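> This structure is in structure tokens; I'll ask about it shortly.
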Amino acid sequence: NICIVFAQLERETIQKRVADSYYSRSLKGFRMGGKAPYGFHTEPIRIDGINTKKLVASPEEAEQVKLMFEMYAEPGTSYGDIVRHFAEHGIKDFSRPALASPLCNPIYVRADLDIYEFFKSQGTVIINDAADFTGMNGCYLYQGRDVKASKKNDLKDQMLMLAPHEGIVPSDIWLACRKKLMNNMKIQSA
């Protein structure tokens, strides 16, 4: 029983250390791993003396990402319209549900003051100063320490910071898509 107690204590200590390390690295703008989002690939980079990865736009896929956002920003366009267009032109085999993730991900946006104000109005914790939002970099959106998993679509208390990579989509188009997604979620939950 004593061994079990110590094993449990060690497990909890390791989990806390990993969570603290993740939180600390995310505050510095590090990419926290996983497969690169569609439109990007990763390249090694050194930030603050630490080796990490940086997202770099893949030219052909980046153009497809822009097209996806431009199409969805149009008022009458649905996920199905984009899926059909991409399938007809042999671009990318997206499913309808798989489109929602990239369309609301700030990794793609060229973050300017409009993006800063949008996230600020949503209650998001913004790590960078407003002056840093120059319209060049994309953003990382991380779940804050106290954010519950059920708040996936709620931006309150999540953490936003500028990423070291360049954004792909202009802020006005990204905001139009995000607002359309938010309106669709309100309609579906009603």
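> If you go through the stretch 92-102 one residue at a time, do you hit one that is over 29 Å from Ser21 (Cβ atoms) and modelled with pLDDT of 95 or more?
No, every residue in the stretch 92-102 fails to be over 29 Å from Ser21 (Cβ atoms) and modelled with pLDDT of 95 or more.
> Among the candidates Tyr38, Tyr108, which residue alone is modelled with pLDDT of 90 or more, within 16 Å of His165 (Cα to Cα), out of contact with any strand residue (DSSP E or B) (no Cβ under 8 Å at 6 or more places or on another chain) and of a type in the set (Ser, Thr, Tyr)?
Step by step, each of Tyr38, Tyr108 is checked, and only Tyr38 is modelled with pLDDT of 90 or more, within 16 Å of His165 (Cα to Cα), out of contact with any strand residue (DSSP E or B) (no Cβ under 8 Å at 6 or more places or on another chain) and of a type in the set (Ser, Thr, Tyr).
> Turning to a different aspect of this structure: Test Ala131 against the criterion of being over 26 Å from Gly39 (Cα atoms) and modelled with pLDDT of 90 or more, and give yes or no.
Answer is yes for this residue.
> Search the stretch 25-39 for residues that are of a type in the set (Ser, Thr, Tyr) and pair each with any residue that is assigned to a loop (DSSP other than H, G, I, E, B) when their beta-carbon atoms are under 9 Å apart and the residues are at least 6 apart or on different chains.
Short answer, once both residue conditions are applied: Ser26/Met32; Ser26/Ile127; Tyr38/Ser58; Tyr38/Lys92; Tyr38/Phe94.
> Testing Leu162 on (1) more than 23 Å from Val65 (Cβ to Cβ); (2) at pLDDT 90 or above; (3) open to solvent by less than 70 Å² (accessible area, probe 1.4 Å), one condition comes back false. Which one is that?
(1)
> What do you reckon, is Gly29 under 23 Å from Asp172 (Cα atoms) and surrounded by 10 or more Cβ atoms within 10 Å (Cβ to Cβ)?
No.
> Now a separate question. Quick check: is even one residue across the stretch 77-90 more than 16 Å from Cys139 (Cα to Cα) and either in contact with a Ser or Thr (Cβ under 8 Å, 6 or more places away or on another chain) or touching a residue at least 60 places away in the same chain (Cβ under 8 Å) (or both)?
Yes, because at least one residue in the stretch 77-90 is more than 16 Å from Cys139 (Cα to Cα) and either in contact with a Ser or Thr (Cβ under 8 Å, 6 or more places away or on another chain) or touching a residue at least 60 places away in the same chain (Cβ under 8 Å) (or both).
> When you go through (1) acidic (Asp, Glu); (2) free of Cβ contacts under 8 Å to residues at least 60 places away in the same chain; (3) closer than 16 Å to Cys177 by Cβ one by one for Glu117, which number turns out not to apply?
With (1) acidic (Asp, Glu); (2) free of Cβ contacts under 8 Å to residues at least 60 places away in the same chain; (3) closer than 16 Å to Cys177 by Cβ applied to Glu117, the lone miss is (3).
> Moving to a separate point now. Is it the case that Asp20 is closer than 23 Å to Ile127 by Cα, among the acidic types (Asp, Glu) and either open to solvent by 50 Å² or more (accessible area, probe 1.4 Å) or touching a strand residue (DSSP E or B) at 6+ places or on another chain (Cβ under 9 Å) (or both)?
When the stated conditions are applied, Asp20 passes them.
The values are calculated or read from the model by the stated rules, or taken from the named source; none is laboratory data. Model, not experiment: these values are computed from the prediction. Neighbour counts run over all protein chains shown; Cβ positions are idealised from the backbone, glycine included. For accessibility, only protein heavy atoms count, side chains too; no ligands or nucleic acids. Shrake-Rupley method; radii C 1.70, N 1.55, O 1.52, S 1.80 Å.
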